[in-house]
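Each remark here refers to the structure printed beneath this line.
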Amino acid sequence: MEYLHRCLKKLHGNTIFKFHPKCNKLGITSICFADDLMLFTRGDVGSVQAMMDTVNQFSTATGLKASPTKCRVYFGGVDETVQQRILSITGFQIGNLPFKYLGVPLMCRSLTVNMCKPLIDRITSKITHWTSKLLSYAGKQQLVKSVLFAITNYWMQVFQLPKCVTKHIEAICRSFVWSGKAEISRKAPVSWKKICEPKNAGGLNITSLNEWNLATLGKLLWNIQAKADKMWVKWINIYYLKEQDFFVWQPKSDCSILMKNLVACRDIITQSGYWQAVLQNGFYKTSKMYMSLRGEKEPVPWRKIGFQNLARPRAQFLIWMAFMDRLNTKTRIQQFGIHTDLRCAFCPEQETINHIFFECRWTRSVWTQMLVWLGYHHVPGNWQYEKQWITMETNKKGWRRQLLKAATTELMYAIWQNRNAIVFAQGTREDHVLERVKFIIYTRCARHRTLTTHFDENTLYVE
Ligand SMILES: [Zn+2]
């Protein structure tokens, strides 16, 4: 490719060859990335002929030929008879905008919902893959956090996605987390806004797309402001800004839609606290801008339960639901008009969250034994009471609190799993639940030396 660029450079001195009107000031004739090559020239027969001669010279020297079926010519404001002559010189077919380049659509108008369809299709195909059906709530949440966000983020590095598209993507993700399906449903025990909040504010720290998109646009703004050594920044400076300060510059009606979008959001970005830090340090981090745009959120008292909790993610998801008071107990389901047998899975009393954790005789006895095992002399109450006690204890430091955090999380998960097995699959009460939970904790803590010094392999725990 280096040789091709050298050949194309020779066109600069060719009197017949004329640059594309928006490329002459930077002398751009080609852009190459991976195995894609874009050539730019003015739409006249002489210039195209001169360019094709150079390309043919390159092909003869290297044996690398362009495939006519894969190449396209894109015209802008070129007379139809000239277009036909150019097509016969190149042997390529005519192409229409938008076309896909490096996975995203290239076009001169604003991004429409229809153009975002490949993005939505990719997300839907990830969700409908058979393996995603086997995931727990925590697994689905992780898939949304990593894969689905990565797909969307790739587009957001170059576009401002239409609000209805981000809303649609978030609705797909919400449905997937709660129902495991891509079909949008309104069923959601916790609002998406809450889920997107940071963990210390009681959320799950899933990225809010609109704010993330603003932060990615901020990066483009910073590149323009810092006059980064990038071709697109130079191009914008020469053709749009023309030595004007971007922060006072107003776009003309025929200006690129991306520039218009950047101007529309520049005030929000530059008024954020982080922008001042960027100006001082000369370094922009999208995630820090995102945090700054989100602002400070009111922390929840029980925030420590989600930090450095050694329990399995699926168990952590359950305890988060319990702290949010969103577990679908039978009495809660009845409030939504679904009539069901209200009896507890373990006793004849009515199933509420306070009953199952830990007013119920059986769960209370297991919880009491767990507390004794952990060395606590605490008389348990109902869930509202225990919630406060757990919050108070986990806000303290030390290995015992870390064990309490993991043990509470795993035990509540085990009880809930057992309850589900009885309610939905005619299961029976698990008599060795405590031993199983202890073993899980032992294996989860095995890699943490500060904790294992307080363990014994046979009794698992030494006072
Ligand atoms: Zn009960």
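Every read-out reported here was derived from the displayed coordinates using simple, explicitly stated rules and does not represent laboratory data. What you see is a predicted model, and the numbers here were worked out from it, not measured in a lab. Cβ atoms come from the backbone with ideal geometry, glycine included; neighbour counts cover every protein chain shown.
Please state the charge dipole magnitude for the chain, taken about the Cα centre, from unit charges on C-beta atoms (+1 on K and R, -1 on D and E), reported in debye and rounded to the nearest 20. Kindly include the intermediate steps, with their values, before the conclusion.
Working: 63 positive and 33 negative charges, 66 e Å.
Result for the chain is approximately 320 debye, rounded to the nearest 20.
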Seminar exercise, completed: Taking every C-alpha to C-alpha distance in the range 15-160 and binning by 5 Å from 0, the per-bin percentages run 2, 7, 13, 16, 15, 12, 9, 8, 6, 5, 4, 2, 0, 0
Seminar exercise, completed: For 338-349, 430-441, ranked highest to lowest by mean beta-carbon neighbours within 10 Å, the order is 430-441, 338-349
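Provide Ser30, Ser146 in ascending order of the number of other Cβ atoms located within 10 Å of each residue's Cβ, fewest first.
Working: Ser30 20, Ser146 10.
Result, fewest neighbours first: Ser146, Ser30.
Which of Lys145/Lys387; Lys18/Lys227; Lys167/Lys194 have a Cα-Cα distance over 20 Å? List each step's numbers first, then the result.
Numbers: Lys145/Lys387 28 Å; Lys18/Lys227 28 Å; Lys167/Lys194 15 Å.
Beyond 20 Å between Cα atoms: Lys145/Lys387; Lys18/Lys227.
Take the Cα gyration tensor of the chain, multiply each eigenvalue by 5, square-root it, and list the three semi-axes largest first, rounded to whole angstrom.
Taking √(5λ) for each Cα gyration eigenvalue gives 60, 24, 21 Å.
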Seminar exercise, completed: the range 284-391: Kirkwood hydrodynamic radius (Cα pairs, Å) comes out at 16.4
Problem set entry | Globularity ratio of the range 151-232, using Cα Rg and 2.2 N^0.38 Å | 1.33
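Please work out whether the range 382-440 counts as rounded, prolate or oblate from its C-alpha gyration tensor, where a ≥ b ≥ c are the square roots of the eigenvalues and a/c under 1.5 means rounded, while otherwise a/b larger than b/c means prolate and anything else oblate? Write out the running numbers ahead of the final one.
Numbers: a/c = 3.77, a/b = 1.82, b/c = 2.07.
In terms of gyration-tensor shape, oblate.
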Problem set entry | the range 1-97 - convex hull of the alpha-carbon atoms, volume per residue in Å³ | 107
Exercise. Can you run phi through the Karplus equation (6.51, -1.76, 1.60; θ = phi - 60°) for the range 27-37 and list ³J(HN,Hα) in whole Hz, with x for Gly and Pro?
Worked result: x, 8, 10, 8, 10, 10, 9, 6, 9, 9, 10
Exercise. Over the Cα atoms of the range 124-280, what Rg and Dmax result, in angstrom?
Worked result: 18.7, 57
For this session: Using only the alpha-carbon atoms of the range 307-363, report the extent along each of the three principal axes, biggest first, to the nearest angstrom.
Result: 38, 27, 14
Problem set entry | Under 17 Å from Lys288, Cα to Cα: lysines that are on another chain or at least 8 residues apart | Lys199, Lys219, Lys297
Exercise. Please state the relative contact order of the chain as a whole percent: Cα pairs under 8 Å, 6+ residues apart?
Worked result: 9
